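J.: Let me begin by handing over the structure; questions about it come next.
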Amino acid sequence: MAMPPAAATGSHNVFVYGSLMADEVVRAILKRVPLAVPAILQDYLDLRFHSICRHRFNIKGRIYPAILPAESKKVAGLVITGITDEELQVLDAFEPEYTRTRVEASLTDSSEKMLVDAYVWSDAEDPDLYGEWDFEEWKKLHLKDFLTMTSGFMHEREQPEPKTQCKDYAESQTTNLLLRSTI
């Protein structure tokens, strides 16, 4: 029996903690919503949370959060399961300012630990990290426009000569999103 193509053979679990916690965003990127389970990432400072579930930090000029390694800190989020190799490549392109890192997460329902991929902010010394980022507020204020940006990114990616990363497309759309949020 023939093996499926390489893009479909891998199965990855990805820890998410920002816009990818919204099913609508995941569906726009992956064309499906895989099973997602609540989880905690140990020893990371969530630049949304100063300590677990209290503070989420913004990134100046952006509407999404970031995390960095930090001893004795925790990040709450979701583990999206069953991500294919091809889907992981799409997520990599969607998260160009982050480094995909292999980390250990604990499932909150069972305390089971598992190795997962997480997108960690690439610049630990970034002076633009500040303030509180709130997922529920983000959904109310930015989800609709973020979905429009995400759909544009995916449309651009599906063209004969797609851009390889979301950053260029996102930068062209971020000003519009930020301007709308201040109106």
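Please treat every number below as a calculation from the coordinates, not as lab data. On a predicted model such as this, the values are computed, not experimentally measured, just so you know. FYI the Cβ positions are ideal-geometry reconstructions off the backbone, even for glycines, and counts take in every protein chain you see.
J.: Per residue, how much space in cubic angstrom lies within the convex hull of the C-alpha atoms of the range 56-139?
T.: 125 Å³
J.: By per-residue mean of other Cβ atoms within 10 Å, what is the highest-first order of 99-106, 22-29?
T.: 22-29, 99-106
J.: Taking 0.36 nm per intervening residue step and subtracting the Cα-Cα distance, what contour gain separates Thr99 from Gln42 on full extension?
T.: So the extension gain works out to 18.8 nm.
J.: Quick check: pseudo-label points 7 Å beyond the Cα along Cα→Cβ at Ser11 and His155, how many nm apart are they?
T.: Taking the simple label geometry, Ser11 and His155 are separated by 3.6 nm.
J.: Listed highest first by mean packing, meaning other Cβ atoms within 10 Å per residue, what order do 110-118, 81-89, 13-21, 153-161 come in?
T.: So the peptides 110-118, 81-89, 13-21, 153-161, ranked by packing, come out 13-21, 81-89, 110-118, 153-161.
J.: Further question on the same structure: Assuming R0 = 25 Å, what is the FRET efficiency of Ser122 and Lys60, from their Cβ-Cβ distance, to the nearest 0.05?
T.: Between Ser122 and Lys60 the formula returns 0.95.
J.: How much length is gained if the chain between Tyr130 and Glu86 is pulled fully straight, taking 0.36 nm per residue apart and subtracting their Cα-Cα distance, in nm to one decimal?
T.: 12.5 nm
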